[in-house]
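Below is one structure, written out as structure tokens; the observations come after it.
Each value in this text was obtained by applying a stated rule to the coordinates, not by laboratory testing. Keep in mind it's a predicted model, so treat the numbers as computed, not measured. Every residue, glycine as well, gets a Cβ built from its backbone with ideal geometry; the counts of neighbours run over all protein chains shown.
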Amino acid sequence: MTTRKSTAGRSDAAARPLAVIVLAAGLGTRMKSDLPKVLHHVCGRPLLAYVLDAARTLTPERLVVVIGPDQGAVAAILPDGCQPAVQAERRGSGDALRAGLEPLGDFEGDVMVLNGDHPLVNGEVLAGLLVHHRDCTARATITTVVHPDPGHYGRVVRARDGDLAGIVEARDASPDELGIGEINLGFYVFDAAELRRFVPTLRADNAQSELYITDLVHRFIEAGDRAAAFLTADVAASMGVNSRVELAEVDAIMRARLVRQLMLDGVTIEDPATTYVDWGVTVGRDSLIRPQTMLTGATRVGERCTIGPGCFLRDVTVDDEATVVTSHLLECAVGKGCSVGPFAYVRPRTELAEGAKAGTFVEIKASRIGRGSKVPHLSYVGDATVGDDSNIGAGNITANYDGERKHPTVIGDNVKTGSDTVFVAPVTVGDDAWTAAGSVITRDIPDGALGVARSRQANVEDYAERRRLRKRRDG
Ligand code: UD1
Ligand code: CA
């Protein structure tokens, strides 16, 4: 990546190079978690990823993410072109910025700094911030919002004339300052050279004994540099995730956005409040999502499908016109026009070909059910291949596990199995074959044959009468 040396004056502001530094090394103490805070999920995705998406809409020349010394797991999710910088000791957001500046060397231009814990930030807010910074020909610009519940956020202090005077952290604020409703969102733009001048002057003389990035505003003002505030109306973007309570609040807002987008794209969602959709899930036009349904991971649903009520899908592909009712599906593929449930459990590496059925109280694992084949009731099918147009009777079991290893069951096309058949794998059933109800199939069945594997029925005549007599005799 190249760093253009800026020869441009302020009039040519738009041509100034831009670097973005995302601060993500914080311990997230209030999360009470072993997982780095920015890896906690919002709608199925690490919350840092949303901040990086927003930053990338600005196509910065450089994108640096500040991570902690023990946070290889954070580095591992960074997209191409995004450079990690390690903050060796967590001495506050000001020190994190110092770490983030290091890889930028003598970069000239604008440096945007973003708290990494605001997943509801978006490209529009950041573009607005940058434009405001450049329009004001400022050297430092902060982003603010008037918040109905300013809580623990840093308060924006303004002079009598309305000019920005500084930011005071809630923990350091006087009662009067705590009454201020305008808060600091934690998105800033600074002039790179000035930043290098002022960051080393930060001192930890505050309630948390930390180096505060927010103190930089005072440094710029003291030096007579122009400091501006970009006031946004986007209260959601101001929501930082510091606790699991805030994580749930942010997740709910993101989820509502994703669900709303699906509706705008032509999906009927009967109850948005109980529909959970992960980031990246797709649903085709004229599909119907019924209440209490979760579409998670890399799930893709086609057109004219019905999913729900009461479904959980993770990493599932559902082709057009399929129906899934009250079922749990993981890492599987449901073909066009298939019917699943109610109460089916479809496990990884299962493929239901076009028109297949996995019915009520049916569990299917690592199996292929061929075109138009049906497993309608009360069955377990594991490590099996079922051909086309076959019917697996009620209560069939593939006994695929011998206590040590799993074995395959192969069932051909157009097979009809009787109720309560057990297939002791490995075993193969030919095309057009049948099994008799209650059979325990231990040997292969050739094409067109009937496999019967049960003892013959014997009837004991007059059994009831003989019992009665015996009872009377024995008193
Ligand atoms: C910060 C702001 C506050 C603002 C709020 C918005 C400061 C001092 N205060 O408060 O004015 O209203 O965000 O959400 O910045 N970080 C590091 N290394 C550290 C410490 C923090 O990388 O040593 C990162 C965190 O991962 C986070 C950001 O810096 O992304 C802000 O730190 P955090 O502790 O969350 O600050 P807040 O108290 O939320
Ligand atoms: Ca925070």
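General observations
- Normalised by residue count, the range 114-259 yields a Cα convex hull volume of 121 Å³ per residue.
- Residues listed by number, the range 193-225, amide nitrogen under 15 Å from residue 102 label point at 7 Å toward C-beta: 200
- One Cα centroid belongs to the range 178-248, the other to the range 347-410; the line between them spans 59 Å.
- Relative contact order for the chain, counting Cα pairs under 8 Å that sit 6 or more residues apart, in percent: 8 percent
- Packing around the peptides 209-218, 158-167, 108-117, taken as the average count of other Cβ atoms within 10 Å per residue, puts them in this order, highest first: 108-117, 209-218, 158-167.
- The phi torsions of the range 272-281, fed into the Karplus equation with coefficients 6.51, -1.76 and 1.60 and a -60° offset, translate into couplings of x, 5, 10, 10, 10, 10, 7, 4, x, 5 Hz, rounded to whole numbers, with Gly and Pro shown as x.
- Those aspartates and glutamates that a straight Cα-Cα span of less than 16 Å connects to residue 37, excepting residues fewer than 8 apart in one chain: 70, 117, 246, 249, 251
- Site pair residue 32 and residue 432 shows an inter-label distance of 6.8 nm when each label is modelled 7 Å from Cα along Cα→Cβ.
- Qualifying lysines (Cα of each under 17 Å from Cα of residue 336; at least 8 residues distant if same chain): 357, 374
- Model label sites at residue 385 and residue 463, defined 7 Å from Cα along the beta-carbon direction, differ in position by 4.3 nm.
- Segments 118-125, 278-285, 185-192 sorted - mean Cβ within 10 Å per residue, highest first: 185-192, 118-125, 278-285
- Helix 123-135 vs. the chain, principal-axis angle (Cα, 0 to 90°, nearest 10): 10 degrees
- Relative to its residue count, the range 134-218 spans a Cα convex hull of 103 Å³ per residue.
- The simple Förster model, with R0 at 56 Å and r as the Cβ-Cβ distance, assigns residue 160 and residue 298 a FRET efficiency of 0.55.
- Taking every DSSP helix (H) stretch of at least 4 residues in the chain, weighting each as -39,500 (n - 2.57) and dividing the sum by the residue count yields a mean residue ellipticity at 222 nm of -5000 deg cm²/dmol.
- Sequence-distant aspartates and glutamates (8 or more away, or on other chains) whose Cα lies within less than 18 Å of residue 416: 388, 389, 431, 432, 444, 447
- Segment residue 204-residue 73, length gained on full extension (0.36 nm per residue, minus Cα span): 44.3 nm
- For the chain, the Kirkwood estimate of hydrodynamic radius, built from reciprocal distances between every pair of different alpha carbons, is 26.6 Å.
- Its residues counted as N, the range 300-392 yields a C-alpha radius of gyration over 2.2 N^0.38 Å of 0.90.
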